[in-house]
Structure formats: structure tokens, C-alpha cells
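Enquirer: Here it is, the structure in full.
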Amino acid sequence: MRIAIIALGSQGDVQPYIALGKGLKEAGQFVRLVTHENFEILVKSHGLEFWPVKGNVKDIVQSKEMREVLEKGNFLSITLQMAKQGGQNIAIDWAKAALAACQGMDMILTGIGGLYLGLSLAEKLGLPLLQAYVFPITPTKDFPGVIFSKSLSRLGSSFNRFSHHLTRQILWQPLRSGDKRARKQVLGLPPAPFWGPYNADRLHNYPTLYGFSPSVIPKPSDWENNINVTGYWFLDSASDWTPPSALMEFLESGSPPIYIGFGSMSNRNPEETADICLQALTETKQRAVMLSGWGGLHKANLPDTIFMVDSIPHSWLFSRVGAVVHHGGAGTTAAGLRAGVPSIVIPFFGDQLFWGQRVAELGVGTEPIPRKKLTVDRLAKAIQKAVTDQTMRQRAANLGARIQSEDGIAKVVAVVQDIEKHGATYR
């Protein structure tokens, strides 16, 4: 089977789909990864065919306008700003590139980043669409949508279900105009429904896949049988990757350090964020590996108890640290949980608070500290708890062992092979 995977977003958004692509290729499928042009080296390093679409999410995230919006943390404003900076022309460009990429394919696989484009292409080309998400988007009464606080569950199961529909609208409406133009000008299709294409037959004729562990989020009782919680889709470091010798020397020179990194999250004053982290580490007498990342977390003249890196495979590093401090992205959260060490989540926006709350509910990390409320005292107390609470540390180790025993990619491969054999006959 020839499969086009459409993966749009930041590196954390793209990596799980590279992992799926590798697994499918190893099972004998042909895979083409359709993603932003700046991920060419990453995609090719894992042996997949790369098909570029215009744009670099990193440039958008690092812009002055986006940094200001990210600092406020309002998900709707962030989505609107992303749509504004991308512009409607980008939807046209993406549709043209992805249409060419999907010619001659047998299936399209995509997550929330490529859902609307993928659905339009599946409709145009008559292809099956396999939905593969890394956070829950299917309505359920069990918990609120991922952009809502868990505390709102007190409003009852009806609100929980409604909040998922509202989440879908917040994702869809800022993109509706560009989607309409792309469907008309590139694909020759009528506009999608005003409230979004969520009831399209193509979204229900084939299984929906969720790339998280059932030990982290058990499958809700009101989800249909063709919705599969497979386990995580981890992208481990390339086989020829070796750690810098200076980092190895640092790790071996003392107790396990704390990892601190916020991925692609930006703010207007990264120096202030670095100062908070450094002061909290000083108060708790902890060493740390700090990731500069897209957020520009920089600090000149660091003490010898701090090692700064631009990037590092989480799959390699996290099992070697005492705790992980991060923004709560789905991929980073998953890596921390698999490593079996406590997490301290500093959510900026979107589904990050959801993951932070889930980490705390599981007892494998501290209560999340929203970025706007991050202080030296709060972070220091969280670090101290993470490194000294033996019950938390044991829970984290136990959960990590369960996650390590799962093989989410193999389950996705099995679903694809079943579709190849039977089509959509088992909805």
C-alpha cells in the first residue's frame, strides 16, 4: 500500500508521524511524508521519502507578534494569529503541494495539523483517510476538551461532551476561509460545512487512532469500537546518533541532573525564564541540562552545574536525569512518562495544561505551573518534591515500565494491514 502521511506543525507535532512512517515502511508499505520544508533533514535521516510544503513554523513561532500572543496563553488568539501569519495563500500552496504528493497514493494518514487538508484531498482523490491523533479530540463525557481545565468537569458530563465540540470549532473556524479557497481554487470542491467537516463519512468509515498509552488515558466508555488507543508513537534517535562527549562528562560528574526545556514555546523575555530556572536550581542545589530550543532560552556565563544544549533526543536523555521540567507538549510528556521519572509541567497554551493535569492526577509529577504563574518559589518547591518524594518517583517508574512494554506503532501497522485486506468493512 502507498501511504501519504500529512504532518504539519512544530517538530513535536511532526515526530510521531515520522515514527509511524518508519514502522509502516519496515512493515513493507511505501510511505511519503508531507511536511514543512525545514524538516527535510529530520525526515530523510529516518529513511522516509520527504515531500515539502512551504513554510517554516519555527519562523512564525519566533516572530515578535507570536511571542506576544503566546505569552498571553489564549488558545483562540494563538490559533487566529497562526492563521493570520500563515495567510490564506499558504492554504493554497499547501493544497497544491499535497495534491501532487497524494497522486497515486492508496491512503492518507494525518492528525489534527493536516486533518482539513487531508480530508479535502481524500474527497478529491477518492482515498481512505486514517485519522491518527496524539491528543483526544473525539467527544466524550469522561473529561473536558484538551483546552479546558479539568476543574470544569464539575459542570457535568454534558458539558464535557460539549467542550470537545467547542474545541473543534476553535481549531476549525480560524482556518475555514483558507480551507474554502483551497477547496475551490485548487481542488474544485464546494466549501466544507460552516461548522466543519466533522460529520463527513470519510471520518467515520475507517478507524481512528490515538497515539497515547491506555495507562495514561484509558479509552472512554462512550467511544465507538473503531476508535483505538494504541500506545505512544515514539521516534527514537537515529542509529548513528552519539551524544557529545562534553555532555557525557557532565552527566557522569555528579548526581542525575534536572532537565529543563520548553521546546518550541517562545516568550518575549527568555532571559527572565532562564533566571527563574537558574534561581530555582540554586535554591534546590540541583544540577541541570537546559535546552535552548526555539524559545531562545539563553543565559551567558552559566555555572558549571548547568549544561546548555540546542537539541537532544529525549529518548536518550530523559532516562538519565532525575526529573523533567517542560512545557507539556504531547510528545515531551510522553517521553518523560516513558523514562519513568517525575515531570514538572509548565504549560503555555493548548493541550499542555491537559497533559500537566493528567501527570498530576496519575501521581507521577507535580501540579502544573502555568507559564504566566511561574516563579522561583513555585518552581523550586516543585523540583524539591520531584526529587525527594519517593512515592511519586516509584509511581513514575512503574508507569514508565508499563509504557515501555507497549508497542503503539505495531498496533497502527496492524490496523493499516487490516484495512489493506478488508477495506472499511469492519466500521
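Enquirer: So which residues in region 216-240 are outside the structural domain of Ile112 (by TED's automatic domain parsing) and either exposed (fewer than 13 other Cβ atoms within 10 Å of the Cβ) or in contact with a His (Cβ under 6 Å, 6 or more places away or on another chain) (or both), if there are any at all?
Expert: If the condition is that a residue be outside the structural domain of Ile112 (by TED's automatic domain parsing) and either exposed (fewer than 13 other Cβ atoms within 10 Å of the Cβ) or in contact with a His (Cβ under 6 Å, 6 or more places away or on another chain) (or both), then Ala238, Ser239, Asp240 are the ones that fit.
Enquirer: Look at Leu33 and say whether it is buried (at least 19 other Cβ atoms within 10 Å of the Cβ), farther than 15 Å from Ala98 by Cα and either free of Cβ contacts under 8 Å to residues at least 40 places away in the same chain or more than 20 Å from the chain's Cα centre (by Cα) (or both).
Expert: no
Matching residues to (1) over 29 Å from Ile409 (Cβ atoms); (2) modelled with pLDDT of 95 or more; (3) of a type in the set (A, V, I, L, M):
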| residue | (1), (2), (3) |
| --- | --- |
| Trp233 | no, yes, no |
| Pro244 | no, no, no |
| Phe250 | yes, yes, no |
| Gly254 | yes, no, no |
| Asn269 | yes, no, no |
| Val289 | no, yes, yes |
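Enquirer: I'd like the residue in region 216-230 that is more than 16 Å from the chain's Cα centre (by Cα) and not in a loop (DSSP other than H, G, I, E, B) and, out of all such residues, is nearest to Ile403 (Cα to Cα).
Expert: Our first condition is that a residue be more than 16 Å from the chain's Cα centre (by Cα); within region 216-230, this holds for 218-228.
Filter once more, so that each one left must be not in a loop (DSSP other than H, G, I, E, B): 227-228.
On the way: Ile227: 19, Asn228: 16 Å.
Here the answer is Asn228.
Enquirer: Against the definition (within 18 Å of Gln286 (Cα to Cα) and surrounded by fewer than 20 Cβ atoms within 10 Å (Cβ to Cβ)), how does Val341 come out, yes or no?
Expert: For Val341, the condition - within 18 Å of Gln286 (Cα to Cα) and surrounded by fewer than 20 Cβ atoms within 10 Å (Cβ to Cβ) - is not met.
Enquirer: Continuing with this model, one more query. Can you tell me which residue in region 128-157 is farthest from Phe212 (Cα to Cα), limited to those that are modelled with pLDDT of 95 or more and among the hydroxyl-bearing types (Ser, Thr, Tyr)?
Expert: If we take residues in region 128-157 being modelled with pLDDT of 95 or more and among the hydroxyl-bearing types (Ser, Thr, Tyr), then Thr140 is farthest from Phe212 (Cα to Cα).
Enquirer: What is the one condition in (1) closer than 29 Å to Leu129 by Cα; (2) without any contact (Cβ under 8 Å) to a residue 60 or more places away in the chain; (3) assigned to a helix (DSSP H, G or I) that Gly328 does not satisfy?
Expert: Result: Gly328 passes all but (3).
Enquirer: Scan Asp351, Asp407 and give me the residue that is in contact with a helix residue (DSSP H, G or I) (Cβ under 8 Å, 6 or more places away or on another chain), within 25 Å of Gly21 (Cβ to Cβ) and acidic (Asp, Glu).
Expert: Asp351
Enquirer: Does Ser213 satisfy the criteria of being crowded, with 17+ Cβ neighbours inside 10 Å and part of a loop (DSSP other than H, G, I, E, B)?
Expert: Spelling it out, Ser213 is indeed crowded, with 17+ Cβ neighbours inside 10 Å and part of a loop (DSSP other than H, G, I, E, B).
Enquirer: Same structure again: Among what's in region 152-173 and is surrounded by 16 or more Cβ atoms within 10 Å (Cβ to Cβ) and of a type in the set (D, E, K, R), pick the residue that is nearest to the chain's Cα centre (by Cα).
Expert: Arg168
The values are calculated or read from the model by the stated rules, or taken from the named source; none is laboratory data. What you are looking at is a predicted structure, and each value in this text was computed from that prediction instead of being measured. Note: ideal-geometry Cβ built from the backbone for every residue, glycine included; neighbour counts use all protein chains shown.
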